[in-house]
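Since the structure comes first, as structure tokens, the remarks are kept for the end.
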Amino acid sequence: MKDLGLHIYDVVQNSIRAEASEIGISINEDTISNMYSIQIQDNGKGIEPKKLNHVTDAFYTTRKTRKVGLGLPLLKQNAELSNGQFEIKSTLNKGTWLTVTFELDHLDRPYAGDLVTTFGLLITTNPEININYSHKTTYGEFHLSTKNITDALGNITINQPGVITMIKELIAYNLEKIKAETTKIYSDSSNVI
Ligand SMILES: Nc1ncnc2c1ncn2[C@@H]1O[C@H](COP(=O)(O)OP(=O)(O)OP(=O)(O)O)[C@@H](O)[C@H]1O
Ligand SMILES: [Mg+2]
């Protein structure tokens with residue numbers, strides 16, 4: 001089963017293919033309402049209303065490289081297996097908004113996975129896109145955006161080798177501080193991708 005980090009990576013690839021220049025990802029681990037929610041929004045080209053009704057049908061795709069699309073149907077199925085919900089809204093030429101929820105302590109909820117690597121890679125491999133990541137738990141919240149990092153780096157470019165290590169360490173440190181669920185916390189700083 002795909003973990004949540006891999007699902008997020010997949011959904012963000014849809015936004016990138018839709019030529020988004022802004023992608024927002026907000027995660028909320030809410031122990032009070034017992035809910036893990038993920039919201040992803042983009043300003044890409046959007047989805048026509050008649051297509052939107054079919055994006056969660058298994059095998060619907062506008063890909064030319066293969067005939068099946070599984071990203072959204074699998075995410076919806078995983079949400080429903082853990083008593084959660086999947087909702088997608090889109091406006092043509094404006095963007096797409098997706099929210100997916102899971103019952104936090106449900107046995108069938110996918111693990112968060114390695115969010116440090118997911119966000120480290122998404123940010124460093126798409127330097128032209130402003131990725132805005134927020135993560136909230138009962139202990140606090142953490143925000144990071146490509147724009148903040150680019151501003152802090154000055155003349156150094158975001159896709160230089162040492163930068164991913166720095167970003168991953170920053171994410172790992174902050175996720176640990178807010179006690180976010182991750183199955184793997186980045187610890188080996190020699191492990192540069
Ligand atoms: N953010 C988005 N903006 C515009 N179109 C989207 C977006 N997300 C999904 N779509 C449309 O919905 C279709 C189905 O998406 P889905 O992720 O399920 O499959 P896929 O991306 O085609 O293939 P896979 O995810 O298996 O690689 C896409 O082919 C695309 O046409
Ligand atoms: Mg996809």
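The values are calculated or read from the model by the stated rules, or taken from the named source; none is laboratory data. Here the structure is a predicted model, which means the values were calculated and not measured. Please note: Cβ atoms are built from the backbone with ideal geometry, for glycine as well, and neighbour counts cover all protein chains shown.
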(Q) What's the number of the only condition in (1) away from ligand 2 (no atom under 14 Å from the Cβ); (2) among the hydrophobic types (A, V, I, L, M, F, W, C); (3) closer than 21 Å to A180 by Cα that V11 fails to meet? (A) (1)
Q: Return only the number of the condition from (1) under 22 Å from K147 (Cα atoms); (2) at pLDDT below 95 that V11 does not satisfy.
A: (2)
(Q) With among the basic types (K, R), surrounded by 13 or more Cβ atoms within 10 Å (Cβ to Cβ), modelled with pLDDT under 95 and farther than 18 Å from K2 by Cα as the only criterion, which of K64, K89, K51 stands out? (A) K51
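Listed here are the residues, each with its yes/no results for (1) surrounded by 17 or more Cβ atoms within 10 Å (Cβ to Cβ); (2) touching a residue at least 60 places away in the same chain (Cβ under 8 Å); (3) more than 21 Å from L121 (Cα to Cα).
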| site | (1), (2), (3) |
| --- | --- |
| D3 | yes, yes, no |
| V11 | yes, yes, no |
| A18 | yes, yes, no |
| I32 | no, yes, yes |
| D42 | yes, no, no |
| V55 | yes, no, yes |
Q. For L107, all conditions in the list (1) away from ligand 2 (no atom under 16 Å from the Cβ); (2) touching a Ser or Thr at 6+ places or on another chain (Cβ under 9 Å); (3) closer than 20 Å to I16 by Cα hold save one; what is the number of the exception?
A. (3)
Q. Without any contact (Cβ under 8 Å) to a residue 24 or more places away in the chain and surrounded by 18 or more Cβ atoms within 10 Å (Cβ to Cβ): does that describe A79?
A. yes
Q: All but one of (1) in contact with a Ser or Thr (Cβ under 6 Å, 6 or more places away or on another chain); (2) modelled with pLDDT of 95 or more hold for V116, so report the exception by its number.
A: (1)
**Q.** Lone qualifier among G71, G120 - being among the small types (G, A, S), within 16 Å of ligand 2 (Cβ to nearest atom) and under 15 Å from the mean Cα position of the chain (by Cα)
**A.** G71
